[in-house]
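Visitor: Next up is a structure, given as structure tokens.
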Amino acid sequence: MNAFLIQFLQAVLLIVLAPLAAGFVATCKARLQNRRGGGVMQPWRNLRKLIAKEVVMAEHASWIFRFAPYVVFTATVMAASCVPAVLVNTPLSLTADVIALVALLALARFFLALAGMDIGTAFGGMGASREMTFSALAEPAMLMSVFVLSLSAHSTNLTTMINHALNAPLVLQPSLAFALAAMVMIAIAENGRIPIDNPTTHLELTMIHEAMILEYSGRHLALMEWAAMIKLLLFATLLIDLFLPWGMATDAGILALTLALALWVAKLFGLLLMLALAETGLAKMRLFEAPEYLSGAFVIAFLGLLTHYMLEVGA
Amino acid sequence: MTQPINTWFVEHLGDCDIHSIWLNDHRPEHMPCLEIRRLDWAHAACEARRLGMRLVALWGAEAGCHDRDAHAMYAYMAFAHPEHRHTLLRTPLAAENPELPSISGHYIAACRMERHMQDMFGIHITDIPDPRPWIKHEHWPREAYPLRVDFDARPPLLAEAHGDYDYVRSGSEGVYEIPVGPVHAGIIEPGHFRFLAVGEHILNMEERLGYVHKGIERAMQSKSAEEGLKVASRISGDSTVAHAWAFAQACEYAGQIDVPRRASFIRAILCERERIANHIGDIGAVCNDAAFAFMLHQMHRLREDMARLHLELFGHRLLMNTLIPGGVLVDLGERAIGLLREQTLAIANEVEHLRAIYADHPSIQGRVIGSGMVPVEDAQDIGLLGYVGRASGHYPDERIEEAYAPYDELEVNVPQGKLGDVATRVWVRFEEIAESSRLISELLEKMPEGPIVANWLPPEPGVSGFAAIEGWRGEIAAWVRFGEGGQIDRCFVRDPSVINWLGLELAVREVPVPDFPLNNKSFNCSYSGNDL
């Protein structure tokens, strides 16, 4: 099969499945709380409703506020399309660099924070300030955690790293456990999930991500929310790529692809279910504890780095 | 009405040379109303404070038909002592340019009530520490005093005025203001909060209420007691039984009507059920504000079960229109008693089960413990009521102090918290649910036979009554005066929120901004009850 086509389909798959993944988490949470929930399709219905709605602009909004949803959405989609979900060796594999990925997400965040401040409401500024404070801690921790894996793969390219993991003999690598723990913590924080942020809250003063998009409406809001859902799926896929890549297709054969797809979905279900479990069992932490949490993730990743040198290099 | 005549405060006033007249047209006699001279007003408040009485309310009213000067206005204040009940004081004011000295120096809580009088009656409070308007917002013309009898609320509408409210500000660099509300992202009552914050630390939080002012006092005028009761039960939708009971009791005291014991038992059962339902809802909501949604949904389910049984047995999910002057509307049959007993017990058991989950969850405990402390001294200074007071070492409970029927036959245990943080306010609620469930079982057990309603006869014109009922938020005080033909001439209701709102401003002074909603929910004051 044409590798370009697969690359394209893979990106579309991530974008289309993202609302379903968000719906799946919401449904799992609802079931865990003894509720029926809105169903897996609910985020899609919400998006459809929002796109059909009129856009109301804040009085003092500048072009930044108007452009931000498109920039955020595009940057997130670009990030999502360079993360391999099913096929490892894609034509764009050269671009699938983790540092580029982090930079794309940072671009999206930059515009999100700008848009939050642009309209001049107290909540937008507050959300932007919190988001930037946390991201200053989260981004280095994320890079550090990826570097643990890069050390053995000698590359920051995702494809190379996955290939390395697939071809490596099955040995116990304690450094990976550290990297995984740090990465999971960062993924939760980056996606604004409990215990760092609560995506379903209606309390303006506690919001981080929602505070920045509080003034958005209609298709702008739809794009912002969709981008957030894609980001969640992207991080889940990234976790799978880096730590559980087994079963991914290295060639573009139909059988391998089908198997890889099925395995990817299964792994995804597992991860999202774990997210739902954690979100049900945890309350949000105090705001001032969040920097400790994020620096904790950094320290864990750093320990992973040390472990790699102490136990694995030369072994 | 076997209560003894309460002369305790009169004697004390006499001891410090404050001349007072015992008003014979006020009832009941165990909660007397005394008329004092205006120049003794602040002195009397000072003495009350010295005697350890707490301020219940402060309000204004125009003269009734018994009063010498039909155009005069009166100012009232009510105090309560843990052992010596309530005493009302009133003083006549000049008809032209009425003036009254402020008592805010003795009682912090008086200030907002004085501002309310100033707004609504045009009574000038001299040396008031905070002269800004309170419930009457900027768009009202300054000279319009909507609670005066001569104010005409019919069209043509008044010309809209303009102006700004003078919020507390900080000139310092780096301090920024966060305006929140009155329209919020969630579906809650309207109120405005103005934060002064440095980074995420709150320096000061100022409340701006009055967005749901409905003119309850004026709406009651020229209504019969039956109609007035319907208005009273809608003052704050979540404490409909308690407000209705307070109002009904004030009417019954005025009319010297003995409520049948069975009726007062049923009222108490409804009131305790209301307490349980609201505490359940609050606990869930507090947890949800810390993103622990599991608790919210479990509590919702329990609350819904209660609402459905209320609909089945009493015809209303929130128990509106269950009380009438002289008794209650719905009697409880064998089946209803069985259902109520069974459900109350089942719900209390489930709450205990959920309480164990809540207590064993470090992540939610980490949020509630130590957040928003109100020290004991502050709680006593303000006179915090209900669960807010009980969490901070101030335990007024009218079911014990006033011991109105049927609580004169029961022993009520009040949970006594001291720490005054969110965790203690939640703890008090859990304790009260258990206690109320025990009380309901006892009430159902001891339920006497007999009629459920006494014949309601309005008192002669000019007679006033006062009652204080322990609602789920705390003491609700109601005062009502009758006019010609059994119509309500004047009334006043004080929801506990009026006082507890002050506690919230204190509680959040050392709290990070994102912890405000958690604290606000743990107080859960009524906006509607405050704004009247």
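Visitor: Give the stretch B:1-14 a look and list any residue that's closer than 20 Å to B:ALA42 by Cα and either in contact with a helix residue (DSSP H, G or I) (Cβ under 9 Å, 6 or more places away or on another chain) or not in a helix (DSSP H, G or I) (or both), or say none.
Guide: Correct list: B:PHE9, B:HIS12, B:LEU13.
Visitor: Additional query: Say we look at the stretch A:149-206 and pick out the residues that are within 14 Å of chain B (Cβ to nearest Cβ) and surrounded by fewer than 18 Cβ atoms within 10 Å (Cβ to Cβ); which of these is farthest from A:THR250 (Cα to Cα)?
Guide: My answer is A:HIS202.
Visitor: Further question: Residues B:GLU505, B:GLU470: which one is in contact with a strand residue (DSSP E or B) (Cβ under 7 Å, 6 or more places away or on another chain) and either assigned by TED's automatic domain parsing to the domain that holds B:GLY60 or acidic (Asp, Glu) (or both)?
Guide: B:GLU505
Visitor: Is it the case that some residue within the stretch A:297-311 is hydrophobic (A, V, I, L, M, F, W, C) and under 30 Å from A:ARG45 (Cα atoms)?
Guide: No, because not a single residue in the stretch A:297-311 is hydrophobic (A, V, I, L, M, F, W, C) and under 30 Å from A:ARG45 (Cα atoms).
Visitor: Given the criteria crowded, with 19+ Cβ neighbours inside 10 Å and not small (Gly, Ala, Ser), does B:ARG335 qualify?
Guide: no
Visitor: What residue, among those in the stretch B:91-116 that are of a type in the set (D, E, K, R) and modelled with pLDDT under 90, is nearest to B:VAL10 (Cα to Cα)?
Guide: Out of the qualifying residues, it is B:GLU99.
Visitor: Follow-up. Working carefully through the options B:ARG317, B:ARG335, B:ARG303, find the one that is free of Cβ contacts under 8 Å to residues at least 12 places away in the same chain, among the basic types (Lys, Arg), at negative phi and touching a helix residue (DSSP H, G or I) at 6+ places or on another chain (Cβ under 6 Å).
Guide: B:ARG317
Visitor: For B:SER437, state whether it is part of a helix (DSSP H, G or I) and out of contact with any Pro (no Cβ under 8 Å at 6 or more places or on another chain).
Guide: In short, yes.
Visitor: Another question, then. Looking at A:GLY281, A:GLY296, A:GLY247 in this structure, which one is surrounded by fewer than 22 Cβ atoms within 10 Å (Cβ to Cβ), within 17 Å of A:PRO195 (Cβ to Cβ) and touching a Phe, Trp or Tyr at 6+ places or on another chain (Cβ under 9 Å)?
Guide: Of A:GLY281, A:GLY296, A:GLY247, the one residue that is surrounded by fewer than 22 Cβ atoms within 10 Å (Cβ to Cβ), within 17 Å of A:PRO195 (Cβ to Cβ) and touching a Phe, Trp or Tyr at 6+ places or on another chain (Cβ under 9 Å) is A:GLY281.
Visitor: For the stretch A:68-101, give me each residue that is crowded, with 22+ Cβ neighbours inside 10 Å, more than 12 Å from A:ILE6 (Cα to Cα) and not hydrophobic (A, V, I, L, M, F, W, C).
Guide: Correct list: A:PRO69, A:THR76.
Visitor: Run B:PRO458 past the list (1) in contact (Cβ under 8 Å) with a residue 24 or more places away in the chain; (2) out of contact with any Ser or Thr (no Cβ under 9 Å at 6 or more places or on another chain) and report the number of the one that doesn't hold.
Guide: (2)
Visitor: I need the full set of residues from the stretch B:406-426 which are hydrophobic (A, V, I, L, M, F, W, C) and part of a loop (DSSP other than H, G, I, E, B), in order please.
Guide: Answer for the stretch B:406-426, where residues must be hydrophobic (A, V, I, L, M, F, W, C) and part of a loop (DSSP other than H, G, I, E, B): B:LEU410, B:VAL412, B:VAL414, B:LEU419.
Visitor: Select, from A:GLU59, A:GLU54, the only residue that is in contact with a Gly (Cβ under 8 Å, 6 or more places away or on another chain) and in a loop (DSSP other than H, G, I, E, B).
Guide: Within the list A:GLU59, A:GLU54, the selection yields A:GLU54.
Visitor: Quick one: would you say B:ARG154 is of a type outside the set (Phe, Trp, Tyr), more than 14 Å from chain A (Cβ to nearest Cβ) and touching a helix residue (DSSP H, G or I) at 6+ places or on another chain (Cβ under 8 Å)?
Guide: For B:ARG154, the condition - of a type outside the set (Phe, Trp, Tyr), more than 14 Å from chain A (Cβ to nearest Cβ) and touching a helix residue (DSSP H, G or I) at 6+ places or on another chain (Cβ under 8 Å) - is not met.
Visitor: Residues that are within 28 Å of B:ALA244 (Cα to Cα), away from chain A (no Cβ under 14 Å) and not in a strand (DSSP E or B): does the stretch B:197-209 have at least one?
Guide: Yes: one or more hits.
Visitor: Right, next: Evaluate the stretch A:101-113: report whether one residue or more is at pLDDT 85 or above, within 20 Å of A:ALA141 (Cα to Cα) and part of a loop (DSSP other than H, G, I, E, B).
Guide: The answer is no, given that none of the residues of the stretch A:101-113 is at pLDDT 85 or above, within 20 Å of A:ALA141 (Cα to Cα) and part of a loop (DSSP other than H, G, I, E, B).
Visitor: Can B:ASP258 be described as within 14 Å of chain A (Cβ to nearest Cβ) and either closer than 23 Å to B:GLU352 by Cα or out of contact with any Ser or Thr (no Cβ under 8 Å at 6 or more places or on another chain) (or both)?
Guide: no
Visitor: For the stretch B:217-237, what are the residues that are surrounded by fewer than 20 Cβ atoms within 10 Å (Cβ to Cβ) and within 25 Å of B:LEU504 (Cβ to Cβ)?
Guide: Result: B:ARG234, B:GLY237.
Visitor: Please go through the stretch A:271-293 and give me each residue that is touching a Pro at 6+ places or on another chain (Cβ under 9 Å), touching a residue at least 60 places away in the same chain (Cβ under 8 Å) and assigned to a helix (DSSP H, G or I), ordered by number.
Guide: A:ALA278, A:GLU279, A:LEU287, A:ALA290, A:TYR293
Visitor: Need at least 2 residues that are touching a residue at least 60 places away in the same chain (Cβ under 8 Å), under 20 Å from the mean Cα position of the chain (by Cα) and buried (at least 23 other Cβ atoms within 10 Å of the Cβ) per element, so show me which strands (runs of 3 or more DSSP E) inside the stretch B:54-126 make the cut, counting only ones lying wholly within it.
Guide: B:54-62, B:73-81, B:85-93
Visitor: Right, next: Could you identify the single residue in A:ALA236, A:ALA262 that is touching a helix residue (DSSP H, G or I) at 6+ places or on another chain (Cβ under 9 Å), more than 14 Å from every other protein chain (Cβ to nearest Cβ) and either at pLDDT 90 or above or not in a helix (DSSP H, G or I) (or both)?
Guide: A:ALA236
Visitor: Might you let me know whether the stretch A:19-28 holds any residue that is of a type in the set (A, V, I, L, M) and closer than 21 Å to A:LEU112 by Cα?
Guide: Within the stretch A:19-28, one or more residues are of a type in the set (A, V, I, L, M) and closer than 21 Å to A:LEU112 by Cα.
Visitor: Taking A:ALA52, is it crowded, with 19+ Cβ neighbours inside 10 Å and either modelled with pLDDT under 95 or not acidic (Asp, Glu) (or both)?
Guide: no
The values are calculated or read from the model by the stated rules, or taken from the named source; none is laboratory data. Because the structure is a prediction, the values reported are computed rather than measured. Backbone-built Cβ (ideal geometry, glycine too); neighbour counts: all protein chains shown.
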